[in-house]
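The values are calculated or read from the model by the stated rules, or taken from the named source; none is laboratory data. Treat the numbers as computed from the prediction; the structure is a model and nothing was measured. Positions of Cβ are backbone-derived with ideal geometry, glycine not excepted, and every protein chain shown enters the neighbour counts.
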Amino acid sequence: MKIKFFFAILCMLFLASCSSSRKTFTKKKNNVKILENPINKLPSVRQQQHVKKLEKGNKSLNKHTLQYIKKYAPLAVLEMHKYNIPASVTLAQGILESGNGRSQLASKSNNHFGIKCHTGWKGAKVYHDDDEKGECFRKYKYVQSSYKDHSEFLSGRRRYASLFKLRKSDYKGWAKGLKKAGYATDKKYPKKLIKIIEEYKLYEFDKFREKDLKKLKKETNKKQTKTAINSKKSTQEFYKVKKGDTLYSIARKFNTTVAIIKKVNALTTNSLSIGQQLVIN
């Protein structure tokens, strides 16, 4: 009996030592904070022309929605090429969730998609009444950051994974899928998104390919360069050489130097002729 008791104590001691040597694992929290860098120049996606066509066809369209499209369509297209989310869906969500960028949450916090803090959010916060009183929402420095975070929010969560199997042109599938995955509690959410997309023909932005963007960017740069040259020409002064004029006297008259006049007019000598046209910067 004593032997059995002694053996039992040994077993207990052995098990205790084993359990104390086991490693304990703690689940790491996913800390979420996006890097906020403003985009100074957005490429054109012909949004101005798009809005003009809409205005011609329907004068009753919401002017604030049209302004929103003009301003943020390029962002939606850029995000589409990075994350494969249809630009039409992103734009429609931005329009609906932010009230055309005019809601309190959008205007004060640059949050255009109503994204709440959720577990692990380490960025700036703001408290706002929504489904419940004083809910925590994400706050951004720039609207571009809100668009980026929206893309990362959808692409980084399993519940939205099935949406990325859909074609970019399937905006209806995306609208229904967002509601099904729990993005919004409103039962009419898909219908509202689809109505905005179809009423403002936002599906046209889904057709923009990356090479189209590059081509448009080149065209935009050429136009900007041409405008800059024309602007420079319009600010240039011209002077017609008169009898008795010298480069020195002309330079003094226009508060410049002989060297600059010679450089601008490609002159190799100081000789002038009466009636000669000089460009004065």
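Confirm whether S145 is closer than 29 Å to D206 by Cα, of a type in the set (G, A, S) and free of Cβ contacts under 8 Å to residues at least 24 places away in the same chain.
no
Out of the residues in the range 55-78 meeting the condition of being part of a loop (DSSP other than H, G, I, E, B) and either of a type outside the set (A, V, I, L, M, F, W, C) or surrounded by 22 or more Cβ atoms within 10 Å (Cβ to Cβ) (or both), tell me which one is modelled with the lowest pLDDT.
This residue is K59.
Can you tell me which of (1) touching a Lys or Arg at 6+ places or on another chain (Cβ under 7 Å); (2) farther than 19 Å from I197 by Cα; (3) of a type in the set (G, A, S); (4) crowded, with 17+ Cβ neighbours inside 10 Å is the one G120 doesn't meet?
The number of the failed condition is (4).
Looking at the range 125-147, is at least one residue of a type in the set (V, I, T), surrounded by fewer than 21 Cβ atoms within 10 Å (Cβ to Cβ) and within 16 Å of A73 (Cα to Cα)?
For the range 125-147, residues of a type in the set (V, I, T), surrounded by fewer than 21 Cβ atoms within 10 Å (Cβ to Cβ) and within 16 Å of A73 (Cα to Cα): present.
Look through D206, D130 and report the one residue that is within 24 Å of Q47 (Cβ to Cβ) and acidic (D, E).
So the residue among D206, D130 that is within 24 Å of Q47 (Cβ to Cβ) and acidic (D, E) is D206.
Is it fair to say K108 is at pLDDT below 95, under 20 Å from the mean Cα position of the chain (by Cα) and not in a loop (DSSP other than H, G, I, E, B)?
Yes; evaluated as a whole, the condition is true for this residue.
Can you run down the residue pairs with Cβ atoms below 7 Å, 6 or more apart or on separate chains, where the first is in the range 258-281 and on the phi > 0 side of the Ramachandran plot and part of a loop (DSSP other than H, G, I, E, B) and the partner is surrounded by 13 or more Cβ atoms within 10 Å (Cβ to Cβ) and not small (G, A, S)?
Once the first residue is on the phi > 0 side of the Ramachandran plot and part of a loop (DSSP other than H, G, I, E, B) and sits in the range 258-281, its partners that are surrounded by 13 or more Cβ atoms within 10 Å (Cβ to Cβ) and not small (G, A, S) give G275/V241.
How do the pairs read when you match residues in the range 174-199 that are over 20 Å from M80 (Cα atoms) with residues anywhere that are buried (at least 18 other Cβ atoms within 10 Å of the Cβ) and β-branched (V, I, T), using Cβ under 9 Å and keeping only pairs 6 or more apart or on different chains?
Every condition considered, the pairs that remain are E199/T65.
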